[in-house]
1. Report the FRET efficiency, 1/(1 + (r/R0)^6), for K328 and L173, where r is their Cβ-Cβ distance and R0 is 60 Å, rounded to 0.05.
2. Filter the cross-link list K308/K367; K328/K367; K71/K102; K308/K328 down to pairs whose alpha-carbon distance in this structure exceeds 24 Å.
3. Simple spin-label model, 7 Å along Cα-to-Cβ: T152 to L386 in nm?
4. Among M348, M292, M159, what is the fewest-to-most ranking by other Cβ atoms within 10 Å?
5. Hey, can you rank 327-338, 141-152 by average C-beta count inside 10 Å, highest first?
6. If each residue of separation counts as 0.36 nm, what is the full-extension length gain between V15 and A256 once their alpha-carbon separation is subtracted?
7. When the Cα atoms of segment 350-391 are enclosed in a convex hull and the volume is divided per residue, what value in Å³ results?
8. Around A55, under 14 Å between beta carbons, what's the net of Lys plus Arg minus Asp minus Glu among the other residues?
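Derivation of every value follows stated rules applied to the coordinates shown; laboratory data play no part. Note that the structure is predicted; figures quoted are calculated from it, not measured. Here Cβ is always computed from backbone atoms with ideal geometry, including for glycine, and neighbour counts include all displayed protein chains.
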Amino acid sequence: MRPRWDGGDSNVVAVVFVVLVATFATLGFTTVSLHRRGLEDAQLESAARVTDLIARSTSHYMLRNDRAALKGIVEAIGQQRDVVSLRILDSHSAVAFSSIRKDAAAEKHVIGITTPIRNNATCASAACHAHPPSQKVLGALDVRLSLAATDTRVHRTSMQFVIVSTIATVIALLVTAFVVFRMSREITAANRTLEERVQRKTAELRQAQDQMIRAEKLSSLGKLAAVVAHEINNPLSGMLTSAKLLRKWIERGDAAAHSDDMRESALLIESESRRCGEIVRSLLSFARVEPMNVGDVEVNRLVRQCLKLVEHKLDLGDISLKLELDEKLPTLRGDAGQIEQLLLALIMNAIEAMPRSGVLRLNTSTKEDNVVICVEDNGMGIPPHLLSQLFEPFVTTKEEGKGVGLGLAISRRIVERHHGAIDVWSEVGRGTRFTITIPIAALTETQEVDHAGTHSHRR
């Protein structure tokens, strides 16, 4: 693909053009101004020399009072090209002699210099004059010179500078355009190479990610199979042993003699089968995403309802309750059933963490636009190495046979479905605190419609 001239290149050239024009304009204005000032200074010096020459040339005839010769010199000097006017004034500023060019009025740019004619010793002692030595100034010599030649030279210099500047600007623009175009080609090629490398690396990363996801799925599936096999195998083994004993006693006709043993075996089969059912229900609850029944949720009411369900466990475990509920707690939008399931799971975990009495603390509060729920116990605590993976499936701190490690994973999913967050703090020997933060407007009307649509779809 051939690189094209794009808007970015045009912008660079335009900026360079503006900078060059501004630079050359400033440089040209400065150069022309300095050149004009130099010519005007030179012209002024020339005028001073001309005036001095005129004064020296006419002084001889002034001393002799030769007016005809003096007039001839004034007229001869007045014929010079640059002299616009030449006047000799007396002590009363009256014009004694003058020579004014016919086109003097047309001159637009002139420079004038007036030199006093002083009464020096030679003039004061001359026989033709009766000027006392006390009279210092006898008159003045006024000369006006044309600056037309200076203006012509300045104009010529300005035009030359404009031409040179234009040529230099065009050359600089061409060079800049060439450099920008070359750089654009190189950058385009580099970008194309970079894009290809990024696409290739992205494809490789996506492939690696897909492989990791597949491996993680297989690992989770294997872990699930191992946990299910382990959790269900124990009660099944007990049930199988009890069933064999029952059949043995019945086949031998010893049912009457082993009636108590048979009753215990039957109760064992019943409890272990119930345990298998609970394991299966937990797995189904974790695997199945239930539709949400969204409505106004009074969190304090759900907390009190959960405490009524575990009241007997608190009494049996000698656990005291510290309840701090914000009575001004606002209602939030969510699924009351799932939030109750979440609270009950955390409360039960806290109770089971305090087998030999303890203190259960529950409090609710408002922080900004969120409802905050804290469930805290002073039980055994959680080992540090388990905290980072506490909400992962099949991770449990309970004894073997007491749980499959899905309660907190389900709890986290409930919180996330309400766009909230759940945090845990724990220290071995001091206790554990779960903090749940749920936005007051956890689910919007649009999300409620989506959940309703999901519910209908599942039907």
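1. 0.25
2. In this structure, K308/K367 exceed 24 Å between Cα atoms.
3. 10.8
4. Ordered from fewest to most neighbouring Cβ atoms within 10 Å, M348, M292, M159 come out as M159, M348, M292.
5. So the peptides 327-338, 141-152, ranked by packing, come out 141-152, 327-338.
6. Taking 0.36 nm per residue and subtracting the Cα distance, the gain is 75.9 nm.
7. Measuring per residue, one finds 97 Å³ for the Cα hull of segment 350-391.
8. Numbers: positive: R49, R56, R87, R118; negative: D52, D142.
So the surrounding residues net to +2.
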